[in-house]
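So the structure is just underneath, and the comments pick up after that.
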Ligand SMILES: Nc1ncnc2c1ncn2[C@@H]1O[C@H](COP(=O)(O)OP(=O)(O)OP(=O)(O)O)[C@@H](O)[C@H]1O
Ligand SMILES: [Mg+2]
């Protein structure tokens, strides 16, 4: 069964259409990369999946369950999200940023939550930064805390919205490295990113979204070597430069 099934989704903001008839499915362990110009609806699409935004028409299913029939807290636990701006709490240490959800959503004891947080910090290479506050961490380290926070909830799917685009170029690689490890480990990931090296090496398929519509979807090889649409070819060749 598909982990995620998006069926004929439409979404407008103030009568301005943003997503039109968007449909696709993701299987377990699949890595889907979404690319498209600014304003094409990429973030809106991700936000619809965990109901930060409501769709107008169509339906979205998580493991076969329509997302409106899933409790909102439960949905946010099952669908992790990693944001462009990290969205960490600045007054909490790296460890506390992770234990917060474990305690409040999963109801773990402080001791178990801390042990789990430390385990995930170690997985993203930050075992020695548990007591650091976000301001004491580099952008790349902050984003790795953001990824550890998402992972610690044992999600079925993680959404990434341009996770490296706020980073200095020299810090991008460490975050993409963690994402590649996750992909290799079988995590199901829906990623908005323009990092085409990552897409080529990790994506099961790439979706090109333009003006709220899926123009084309296919394997990295198909889209890079043999795109069906001129718009896809033009967009990808611009990205390469
Ligand atoms: N909360 C909102 N209220 C009104 N309009 C919105 C809202 N969020 C997004 N939009 C509009 O919807 C369209 C799609 O925005 P979205 O953020 O999904 O695009 P995007 O593909 O993620 O762009 P970018 O690459 O710049 O992040 C844009 O025209 C945007 O102005
Ligand atoms: Mg966006």
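Readers should treat all values here as calculations from the given coordinates under stated rules, not as data from a laboratory. Please read all numbers here as calculations on a predicted model, not as lab measurements. Every residue, glycine among them, receives a Cβ derived from its backbone with ideal geometry; neighbour counts consider all protein chains shown.
At a glance:
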item: Relative contact order (%) - the range 99-145, alpha-carbon pairs under 8 angstrom, separation at least six; result: 27 percent
item: Separation of alpha-carbon centers, the range 87-111 and the range 1-77, rounded to whole Å; result: 27 Å
item: Reference-scaled alpha-carbon Rg (2.2 N^0.38 Å with N residues) for the chain; result: 1.01
item: The chain: angle of helix 169-184 to the longest principal axis, Cα-based, in degrees nearest 10; result: 90 degrees
item: DSSP bridge pairs, the chain: antiparallel proportion in percent, nearest 5; result: 55 percent
item: Folded to 0 to 90 degrees: helix 230-240 orientation relative to the chain principal axis, Cα; result: 40 degrees
item: Global form of the range 1-109, assessed from the alpha-carbon gyration tensor, a/c cut-off 1.5; result: prolate
item: The chain - percent relative contact order, Cα under 8 Å, separation 6 or more; result: 26 percent
item: Ranked by how many other beta carbons lie within 10 Å on average, peptides 38-48, 212-222 from highest; result: 38-48, 212-222
item: Rounded tilt (10° steps) of 94-104 against the dominant C-alpha axis of the chain; result: 80 degrees
item: Residue-averaged [θ]222 nm for the chain, counting only DSSP H segments that reach four residues, each worth -39500 (n - 2.57); result: -11500 deg cm²/dmol
item: Euclidean distance between Cα centres, the range 134-182 to the range 198-241, Å; result: 23 Å
